[in-house]
Amino acid sequence: MIEKEDPVISEEEAAQYDRQIRLWGLDAQKRLRGSRVLLAGLGGLGAEVAKNLILAGVKGLTLLDHEQVCLTGCSRDLMIRVDQLCSKHNIKVFCGDVYGYYGYMFCNLGQAHNYVEEKPKVVKPSGESNDGPKAKKAKVDPNETTMVKKTASFCTLKEALAVDWTSEKAKAGLKRTPVDYFLLQVLLKFRTDKGRDPDPQSFPEDSQLLRQIRDDVLESLSLNSDLLNDDFISYCFSEMSPVCAVVGGVLGQEVVKALSQRDAPHRNFFFFDGRKGNGVVDYFGPN
């Protein structure tokens, strides 16, 4: 939530946040200074997000840690209900979790999220130039930049998880689709069915159940079970601290960008694979 009144940044705060003010500007820092954030869930990932938001300089951070209302570590159905409720009241929603070496982030910033992006300034030639046709072309000035206003549209979590993979358009893009999206569906269903995440102390039983849920989920999506091989099973137990740090850093960054309305947001999923050490941003939804 961003307060309507224009927040005032003191000289001490200007000195403290000098580095990031130089990065994203005074107006963006003022929006952060007037923002209040509710952070639900204080596991490994939640702790990283809290740290990053506090260091960014938000006005207020309310911490909520209760399994029945947690957005980091809760069931798929609960996340969907919270997301739908927030969408009706135009409240931005972020979800995230870490499962072993895998982590993800989802955001729903509403039907029309406005932001500004810094771009190199395009200099138009003057009409008096007589240097030929090349001189009449617009040129990019690397020494000057300008702020460009943009708008991005987001969908709800329910829509993002309910892609119709039987359509021709979806089938055509299946090869380019990160397998992490389907892995997330499997892990969310495991949590829904068992009321918990895969437990290292129950590795044999949970491994067999993960394999069965994988087959059921992909069959319900009209997809072949070979799309997600058995390798994932050994790497989705517990929360890995380095993965929490990476996903928490990205999640905290995206909250800051959304509140400050500065720079393009990740639309709408970010997936991180700790085994490969890389992440990917991709959009899933009705369009």
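The values are calculated or read from the model by the stated rules, or taken from the named source; none is laboratory data. Just so you know, these numbers come straight off a predicted model, no measurement behind them. So basically every Cβ, Gly included, is an ideal-geometry build from the backbone, and we count neighbours across all protein chains shown. Note: accessible area is taken over every heavy atom of the protein model, side chains too, but ligands, DNA and RNA are not part of it. Shrake-Rupley method; radii C 1.70, N 1.55, O 1.52, S 1.80 Å.
Any idea what the alpha-carbon Rg over 2.2 N^0.38 Å comes to for the chain? Relative to the 2.2 N^0.38 Å estimate, the chain comes out at 1.16.
Ligands, DNA and RNA excluded, the heavy atoms of Glu219 present near 130 Å² of accessible surface to a 1.4 Å solvent probe.
Bridging of Lys92 to aspartates and glutamates at a Cα separation below 12 Å is possible for Asp83, Glu254, once same-chain residues fewer than 8 apart are set aside.
Ordered by solvent-accessible area of protein heavy atoms (1.4 Å probe), largest first, the residues Ser87, Ser35, Ser220 come out as Ser220, Ser87, Ser35. On the accessible surface of the chain, probed at 1.4 Å, how many percent belong to carbon and sulfur atoms? The computed percentage sits at 50.
The residue list Ser241, Ala264, Leu188 was ranked by how far each Cα lies along the charge dipole of the chain toward its positive end, using unit charges on Cβ atoms, and Ala264 comes out on top. Per residue, the chain exposes an accessible area of 56 Å² to a 1.4 Å probe, with every protein chain left in place. Once C-alpha pairs closer than 8 Å and six or more residues apart are averaged by separation and normalised to the residue number of region 161-234, the relative contact order reads 35 percent. For the chain, adding -39500 (n - 2.57) for each run of n ≥ 4 DSSP H residues and dividing by the number of residues yields -11500 deg cm²/dmol at 222 nm.
Measure off 7 Å from each Cα along the Cα-to-Cβ vector at Asp141 and Phe203, then give the distance between these two points in nanometres to one decimal. Once both label points are built, they end up 6.3 nm from each other. For Lys121 and Lys158, the difference between the fully extended length at 0.36 nm per residue and the C-alpha to C-alpha distance is 9.4 nm.
For Glu118, Glu48, the ranking by accessible surface with the largest value first comes to Glu118, Glu48, using a 1.4 Å probe. By the rule of a C-alpha distance below 16 Å, with chain neighbours fewer than 8 residues away ignored, the lysines paired with Lys139 are Lys119, Lys121, Lys124. Please give the FRET efficiency for Glu12 paired with Asn287, using the beta carbon to beta carbon distance and R0 = 45 Å, rounded to the nearest 0.05. FRET efficiency, Glu12 to Asn287: 0.45. For the residue pairs Lys149/Lys257; Lys59/Lys150; Lys189/Lys276; Lys194/Lys276; Lys88/Lys158, the C-alpha atoms sit more than 20 angstrom apart in Lys59/Lys150; Lys189/Lys276; Lys194/Lys276.
Rg and Dmax of region 131-285, both derived from C-alpha coordinates alone, stand at 20.8, 76 Å.
Mean sequence separation of contacting Cα pairs (under 8 Å, at least six apart), scaled by the length of the chain, corresponds to a relative contact order of 24 percent.
So if I average 1/r over every pair of distinct C-alpha atoms in region 210-287 and take the inverse, what Kirkwood radius in Å does that give? With all distinct Cα pairs of region 210-287 included, I get 15.0 Å. With all protein chains in place and ligands, DNA and RNA left out, the 1.4 Å accessible area ranks His89, His113, His266 as His89, His266, His113, largest first. Both radii are taken from the alpha-carbon atoms of region 161-234; with Rh as the Kirkwood radius, Rg/Rh is 0.99.
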